[in-house]
Amino acid sequence: MTMSSGEERNFKILDTAGEDDFQKMIDEWIKVADGFLLVYAINDKESFEALKSKVNKIKKNDKAKAPVVVVGNKCDLESKREVDKQIAENYAKSIGAKYYETSALTDENKNCKVVFQQCAHMVVSKFNLETNSKPCPCTIY
């Protein structure tokens, strides 16, 4: 990934995409992650509640200070919205996370790329502050 500074950085991205097979491995992935890009569907309140559950697991695994970006996906389905945008924004703010909405299908709001860049920037900034180092062998969950 190219950072805003023009530097190239490599990230390992663990994408569970809500697959049941991966649910058993989430606790292990949380232990090794340096940042979290957590996605829910704006038309599925249960997915928002599941996101909150993941945040609780993150906080229990000593990752409370790891950067988090919360993403409301499927904003192309605004007419079917089940999660109020203000509630999601307030929740993200309450956990110290950045909040975005987009659509992976249509790239509405042009945020698909932005959410990854934001998370990567936050991870690299935190890593460099903690280690005073340029290389960043970072993992985003």
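The values are calculated or read from the model by the stated rules, or taken from the named source; none is laboratory data. Predicted, not measured: the structure shown is a model, and the values here were computed from it. Counting neighbours? That spans all protein chains shown, and the Cβs are built from the backbone with ideal geometry, glycine included.
Residue-by-condition table, conditions (1) among the polar types (S, T, N, Q); (2) touching a helix residue (DSSP H, G or I) at 6+ places or on another chain (Cβ under 6 Å); (3) at pLDDT below 65; (4) assigned to a loop (DSSP other than H, G, I, E, B):
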| site | (1), (2), (3), (4) |
| --- | --- |
| Gly18 | no, no, yes, yes |
| Gln23 | yes, no, no, no |
| Ile26 | no, no, no, no |
| Trp29 | no, no, no, no |
| Leu38 | no, yes, no, no |
| Asn43 | yes, yes, no, yes |
| Glu46 | no, no, no, no |
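Those residues that are over 22 Å from Gln117 (Cβ atoms) and part of a helix (DSSP H, G or I), I need them from region 48-68; list them, please. Once the filter is applied, which keeps residues that are over 22 Å from Gln117 (Cβ atoms) and part of a helix (DSSP H, G or I), region 48-68 yields Phe48, Glu49, Ala50, Lys52, Ser53, Asn56, Lys57, Lys59, Lys60. Scanning region 69-121 for residues that are out of contact with any Gly (no Cβ under 7 Å at 6 or more places or on another chain), of a type in the set (A, V, I, L, M), outside any loop (DSSP other than H, G, I, E, B) and buried (at least 18 other Cβ atoms within 10 Å of the Cβ) returns Val69, Val70, Val71, Ala92, Val115, Ala120. Reported count of residues in region 39-67, each being touching a residue at least 40 places away in the same chain (Cβ under 8 Å) and closer than 16 Å to Gly96 by Cβ, is 4. Out of (1) closer than 14 Å to Asp44 by Cα; (2) touching a Phe, Trp or Tyr at 6+ places or on another chain (Cβ under 6 Å); (3) of a type in the set (A, V, I, L, M, F, W, C), what's the single condition that is false for Leu77? Tallying (1) closer than 14 Å to Asp44 by Cα; (2) touching a Phe, Trp or Tyr at 6+ places or on another chain (Cβ under 6 Å); (3) of a type in the set (A, V, I, L, M, F, W, C), Leu77 fails exactly one: (2).
Mind checking which residues of region 88-110 are at negative phi and modelled with pLDDT under 85?
Selection gives Glu108 alone.
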